[in-house]
1. Output yes when any residue across segment 218-225 is out of contact with any His (no Cβ under 8 Å at 6 or more places or on another chain), closer than 24 Å to Gly120 by Cβ, at pLDDT 95 or above and of a type in the set (Ser, Thr, Tyr), and no when none is.
2. Looking at (1) open to solvent by less than 10 Å² (accessible area, probe 1.4 Å); (2) over 18 Å from Gly174 (Cα atoms); (3) not aromatic (Phe, Trp, Tyr), which is the only condition Gly67 fails?
3. Can you tell me which residue among Leu90, Leu114 is under 22 Å from Leu226 (Cβ atoms), modelled with pLDDT of 95 or more and of a type in the set (A, V, I, L, M)?
4. For segment 91-139, give me each residue that is over 15 Å from the mean Cα position of the chain (by Cα), touching a residue at least 12 places away in the same chain (Cβ under 8 Å) and open to solvent by 70 Å² or more (accessible area, probe 1.4 Å).
5. How many residues are open to solvent by 10 Å² or more (accessible area, probe 1.4 Å) and over 15 Å from the mean Cα position of the chain (by Cα) when one looks only at segment 155-181?
6. Please determine whether any residue of segment 41-58 is touching a helix residue (DSSP H, G or I) at 6+ places or on another chain (Cβ under 9 Å), in a strand (DSSP E or B), among the hydroxyl-bearing types (Ser, Thr, Tyr) and open to solvent by less than 10 Å² (accessible area, probe 1.4 Å).
7. List the strands (runs of 3 or more DSSP E) that sit entirely inside segment 126-186 and contain at least 1 residues that are among the aliphatic types (A, V, I, L, M) and farther than 20 Å from Tyr76 by Cα.
Amino acid sequence: MGKALFITGTGTDVGKTYVTGLIVRQLRRSGRNAGYYKAALSGAEPDDQGELQPGDAVYVNQTAEIGEKIPHLVSYVYREAVSPHLAARLNHTPIDFSRVEADFRWAREKYDYLTMEGSGGIICPLRWDGQQHVVLDDLVKRLDLDALIVADAGLGTINAAVLTIEHLRARAIGIQGVIFNHYHPGNIMEEDNARMIEELTGVPVLAFVQDGDKELAMDSDRLAALYR
C-alpha cells in the first residue's frame, strides 16, 4: 500500500485544488507513481450529456497527467455549490464513509503517493443528519493521515492559518507544513505573514506559489518525504 497525504485549506477559495495539481504534477514528473482522491465534491457542473463533472478532480487529473477514470477520483459528486453535508441532504444521498474508506484504500493500493484533497476548510461538515455527525477532520482521523495546509499569502492569513494549525493539533492530526498561494515576491506583508505563522506555531511554510505557476518550487524528494 502506498503513502498518502491530506491537503486542506485555511478556507474556501484559497486555491487548494490549484496547488494540489502542482503537487501531484511535481511528483509524477519526478518519476513517482502519484495519484489523487477526493471524498466529496459539491458545485459540480453538468457536461453536454447532463453528467455532473467534478471540476477539481478533472483539473488535477489533467494538470498532473494522471490519466485516471473520473469515477475513481471522487466518491460523491453534488451539483449544489454548498457544503457537502447540505448537498447530500438536498439530494437525499448521504455519504457512506465505509464506501469512502474503500475507495481511498483502492487508490492507495494503486498509487505509491496518493494525495487526498479535502472540501473547503478542515471543519467542513460532510454528513450531519439523524444518523451521523461527521466533519472533515473526523475523516482525516479515520484514515490516519497527516495534513498539508494551503493558505492564501495575503491579509488575514496569520489568523486563518494559526487557527487551522491549532485545530489540527487539538485533534492530534499531524501537520507537515504550509504552502502559500497567490504569493507576490518582495511583498513585505506576505513575507511577514510567513514569518509570523512559523514563529507562532513552529510549522514551516514549505513553498510559495504565484498566480500562473506551472511548477511547484520545491524539491521533489522533500515533497515526497511529506507522505507517510
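1. No, segment 218-225 contains no residue that is out of contact with any His (no Cβ under 8 Å at 6 or more places or on another chain), closer than 24 Å to Gly120 by Cβ, at pLDDT 95 or above and of a type in the set (Ser, Thr, Tyr).
2. (1)
3. Values: Leu90 fails: under 22 Å from Leu226 (Cβ atoms).
Of the residues listed, the single one that is under 22 Å from Leu226 (Cβ atoms), modelled with pLDDT of 95 or more and of a type in the set (A, V, I, L, M) is Leu114.
4. Arg99, Arg105, Trp106, Glu109, Lys110, Asp112, Trp128, Gln131
5. 13
6. No, the conditions are met nowhere in segment 41-58.
7. Numbers: elements: 133-135, 147-152, 175-181.
Here the list reads 147-152, 175-181.
The values are calculated or read from the model by the stated rules, or taken from the named source; none is laboratory data. The structure presented is a predicted model; accordingly, all values stated were derived computationally and were not measured. We place every Cβ from the backbone using ideal geometry, glycine too, and count neighbours over all the protein chains shown. Heads up: the accessible areas ignore ligands, DNA and RNA and are worked out on the full protein's heavy atoms, side chains in. Shrake-Rupley method; radii C 1.70, N 1.55, O 1.52, S 1.80 Å.
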